[in-house]
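Trainee: This structure is in structure tokens; I'll ask about it shortly.
The values are calculated or read from the model by the stated rules, or taken from the named source; none is laboratory data. A quick note: this is a predicted structure, and the numbers were derived from the prediction, not measured. Counting neighbours? That spans all protein chains shown, and the Cβs are built from the backbone with ideal geometry, glycine included. What goes into the accessible areas is simple: the full protein's heavy atoms, side chains included, and nothing from ligands, DNA or RNA. Shrake-Rupley method; radii C 1.70, N 1.55, O 1.52, S 1.80 Å.
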Amino acid sequence: MIAIGFDTSNYTTSCAAYDGEAGENQSKLLDVKPGELGLRQSDALFSHIKRLPELSDRLFAHIDPAQIRAVGVSTRPRAVEGSYMPCFMAGWSQASVLAAALHVPLREFSHQQGHIAAVLHSAGREDLYERPFLAWHLSGGTTELLLTTPEAGSFRCEKIGGTTDISAGQLIDRTGQLLSMPFPAGKALDAASEQTQTRDLFRVKVTDFSFSFSGVQNKVQDYYRKTEDANAAAYYALASVVEAVRTATKNARARYPGYPVLFSGGVASNSMLRRRLADLDTVFGEPRYSTDNAMGIAVLTYRAEAGV
């Protein structure tokens, strides 16, 4: 039995297949012009429509259609009322046509659920489908700390903390724009931060599990004007983010003792974050399964069809 998954986020077009043990993910970043911070929804939607046939051809090249038992897709950012982005309709359209053509069920999930499931798959932590845990979703559009509880082979996510304004990914991409780095700036900023001896950072005020990043952007700009050192500014921005997340995580673990803390989303691939939170019973996936991908959707689809 094979399950297929589609995910068309505001950053990446992706599709995946999963057979209960191993999987394959095909993905491609959306094209963003130098100096710009992302795409308008209409442009993202058009890019997904153009790319889905190419990625699907690659994925299905070695798959027997007779083995496909279900098709899954992310249809919205979060599994809450009112969560909506037009770009997810590209994946939904492709998945709907495929499911109808194959006469198999269509399973719908949120982009956030897919992120978490991809990390569980990558880290080999399927046991967490059976117990509550904490999960960070750190990405270009989201910085949320979630209380995650089992729900019919998947999980329910309740937001308990995170940023009150701009996301970690937005701060990172705006810093990258300041430093003339390509979008998305995560990899370039990560590499630059490793090339400096500075340990400067701005300590963000954390209340319980929540914090604000809007003021950090101004601090980063001021720091770069003062130092004229791109590597030091990259470290300053990332260290400020990581320290806030670490403090909120420690506070949450005190409130929820014994709960593992999973990290998902593109920012979770950052090497500084992984090093500095390794001592807090954390669960990280491979970087390729932290950034936007369809693998988690394929896994959740398989689980739903298998009744596990």
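Trainee: Highest mean first, what order results for 156-168, 189-201 on Cβ atoms within 10 Å?
Mentor: Numbers: 156-168: 19.0, 189-201: 16.1.
The densest-packed peptide leads the list: 156-168, 189-201.
Trainee: Also, quick follow-up: How large is ³J(HN,Hα), in whole Hz, for each residue of the range 158-175 in order, when computed from phi with the Karplus curve 6.51 cos²θ - 1.76 cosθ + 1.60 and θ = phi - 60°, using x for Gly and Pro?
Mentor: 10, 6, 10, x, x, 7, 9, 9, 6, 7, 4, x, 5, 4, 5, 5, 5, 5
Trainee: Of the cross-linked pairs 28/159; 205/226; 187/226; 159/219; 205/250, which ones have a Cα-Cα span greater than 19 Å in the structure shown?
Mentor: Numbers: 28/159 29 Å; 205/226 23 Å; 187/226 24 Å; 159/219 27 Å; 205/250 14 Å.
28/159; 205/226; 187/226; 159/219, as the Cα separations exceed 19 Å there.
Trainee: Would you work out the charge dipole size for the chain about its Cα centre, treating the Cβ of every Lys and Arg as +1 and the Cβ of every Asp and Glu as -1, and quote it to the nearest 20 debye? Could the numbers behind the result be given before it?
Mentor: On the way: 31 positive and 33 negative charges, 140 e Å.
Value, rounded to 20: 680 debye.
Trainee: Moving to a separate point now. Roll a 1.4 Å probe over the protein chains and send me the accessible area per residue for the range 45-148 in Å².
Mentor: Numbers: 4380 Å² over 104 residues.
That works out to 42 Å² per residue.
Trainee: Apply the Karplus parameterisation 6.51 cos²θ - 1.76 cosθ + 1.60, with θ equal to phi minus 60°, to every residue of the range 9-20 and state each ³J(HN,Hα) to the nearest whole Hz, in sequence, with x for glycine and proline.
Mentor: Per-residue couplings from phi come out as 8, 7, 10, 9, 9, 8, 9, 8, 10, 9, 10, x Hz.
Trainee: Still on this model: What is the dipole size for the range 119-182, taken about its Cα centre, with +1 at each Lys and Arg Cβ and -1 at each Asp and Glu Cβ, in debye to the nearest 20? Mind dumping the intermediate values first?
Mentor: Details: 5 positive and 8 negative charges, 25 e Å.
For this selection, approximately 120 debye.
Trainee: Separate question: Would you please name the trypsin sites (Lys or Arg not before Pro) within the range 9-66 that are DSSP coil residues with at most 14 other C-beta atoms within 10 Å of their C-beta? Mind dumping the intermediate values first?
Mentor: On the way: sites: 28, 40, 50, 51, 58; in loops: 40.
Counting only loop positions with at most 14 other Cβ atoms within 10 Å, the trypsin sites (Lys or Arg not before Pro) in the range 9-66 are 40.
Trainee: Multiplying the sequence separation of residue 130 and residue 208 by 0.36 nm and subtracting their Cα-Cα distance, what value in nm do you get? Mind dumping the intermediate values first?
Mentor: On the way: separation 78, 0.36 × 78 = 28.08 nm, distance 2.66 nm.
Extending this stretch completely gives an extra 25.4 nm.
Trainee: Then there's this: If I compute solvent accessible area with a 1.4 Å probe over the protein chains, what percent of it on the chain is carbon and sulfur? It would help to have the intermediate numbers written out before the result.
Mentor: Values: 6480 of 13360 Å².
The computed percentage sits at 48.
Trainee: Taking only protein heavy atoms into account and a 1.4 Å probe, give the accessible area per residue of the range 168-308 in Å². Kindly include the intermediate steps, with their values, before the conclusion.
Mentor: Working: 6050 Å² over 141 residues.
Heavy-atom SASA per residue in the range 168-308 reads 43 Å².
Trainee: If you take the charge dipole of the chain about its Cα centre, with +1 on Lys and Arg Cβ and -1 on Asp and Glu Cβ, which of 20, 201, 72 is farthest toward its positive end?
Mentor: 201
Trainee: Another question, if that's okay. Restricting things to alpha carbons, tell me how big the range 191-308 is in terms of Rg and Dmax, in Å.
Mentor: Calculated on Cα positions, Rg and Dmax stand at 17.1, 58 Å.
Trainee: Given the peptides 244-252, 31-39, 127-135, arrange them by the average over their residues of other C-beta atoms within 10 Å, most packed first. Please report the intermediate quantities before stating the final value.
Mentor: Details: 244-252: 20.4, 31-39: 12.8, 127-135: 17.4.
Ranking, from highest mean packing down: 244-252, 127-135, 31-39.
Trainee: Which semi-axis lengths, in whole Å and largest first, follow from the square roots of five times the eigenvalues of the Cα gyration tensor of the chain? Don't jump to the answer; show the numbers that get you there.
Mentor: Values: eigenvalues 218, 103, 47 Å².
They are 33, 23, 15 Å, listed from largest to smallest.
Trainee: Another question about this same structure. Can you list residues from other chains, or at least 5 along the same chain, whose modelled amide H is less than 5 Å from the amide H of residue 76?
Mentor: 111
Trainee: Which angle from 0 to 90°, rounded to the nearest 10, does the C-alpha axis of helix 41-60 make with the longest principal axis of the chain?
Mentor: 50
Trainee: Something else about it: For residue 179, what residues show an amide H to amide H distance below 5 Å, using hydrogens built from the backbone and excluding near sequence neighbours?
Mentor: Under 5 Å from the amide H of residue 179 lies no amide H from a residue far enough along the sequence or on another chain.
Trainee: If you plug each phi of the range 98-108 into the Karplus form 6.51 cos²θ - 1.76 cosθ + 1.60 with θ = phi - 60°, what whole-Hz ³J(HN,Hα) values come out, in order, with x for Gly and Pro?
Mentor: So the Karplus estimates, Gly and Pro as x, are 5, 4, 5, 5, 8, 6, 10, x, 9, 10, 10 Hz.
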